[in-house]
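> Here you go, one structure.
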Amino acid sequence: MPGVLLAPEAPPLVLEPSDEAPAQARRYLIGRFRELGHADDFVGRLVVTELVTNAYKHVGVGHIVVRIFPDVREPLTVIEVWDESSAHPVIQCASDEAEGGRGLVLIEQLVHDWGVRPLNEEGKITWARCAR
């Protein structure tokens with residue numbers, strides 16, 4: 001993430017990889033966005049759902065950690081999802097018949113920017129910055 005200063009934040013949300021993880025992440029995001037003064041949480045809910053679902057479906061082991069905090073240099077909010085895989089998410093060109101594969105394309109269109117940061121230990125953080 002280029003040049004982002006991290007502000008003090010609320011404790012992260014730690015999830016087990018399960019089909020309930022995206023809903024738990026949405027509830028956490030709704031609360032954090034409310035605390036941060038967001039008038040609308042639609043894009044944030046979409047982003048956190050996609051990133052947590054990808055971690056659950058494509059990694060499926062270990063914990064998923066969600067952090068949401070303000071970018072102190074710009075009027076943006078950072079959503080981070082950590083998982084234990086070093087494999088990066090890939091934007092796919094889904095066919096009209098495909099049941100999935102469009103989430104990252106949507107994220108790319110809706111957020112200020114997004115990316116992936118490898119961790120020194122095993123795993124990665126997939127992040128997105130949304131307008132406040």
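Quick note: the coordinates plus some simple rules give every number you see, no bench work behind them. As the structure is a computational prediction, the values presented were derived from the model and not from experiment. Counting neighbours? That spans all protein chains shown, and the Cβs are built from the backbone with ideal geometry, glycine included.
> So, counting K/R as plus one and D/E as minus one, what does the shell of residues with Cβ under 11 Å around HIS63 add up to? Please list the in-between numbers first.
On the way: positive: none; negative: GLU16, ASP83, GLU84.
Overall, the nearby charge balance is -3.
> ³J(HN,Hα) across region 70-81 via Karplus (A = 6.51, B = -1.76, C = 1.60, θ = phi - 60°), whole Hz, x for Gly/Pro?
Residue by residue, region 70-81 yields x, 7, 7, 9, 9, x, 10, 10, 9, 10, 10, 10 Hz.
> What shape does region 14-73 have by the C-alpha gyration tensor, where a ≥ b ≥ c are the square roots of the eigenvalues, rounded means a/c under 1.5, and otherwise prolate means a/b greater than b/c and oblate the rest?
Numbers: a/c = 2.30, a/b = 1.95, b/c = 1.18.
It is prolate, given that a/c is not under 1.5 and a/b is the larger ratio.
> Using 0.36 nm per residue of separation minus the Cα-Cα distance, give me the extension gain between GLU20 and GLU35 in nm, one decimal. Could you put the intermediate results ahead of the total?
Working: separation 15, 0.36 × 15 = 5.40 nm, distance 2.32 nm.
Gain in length upon complete extension: 3.1 nm.
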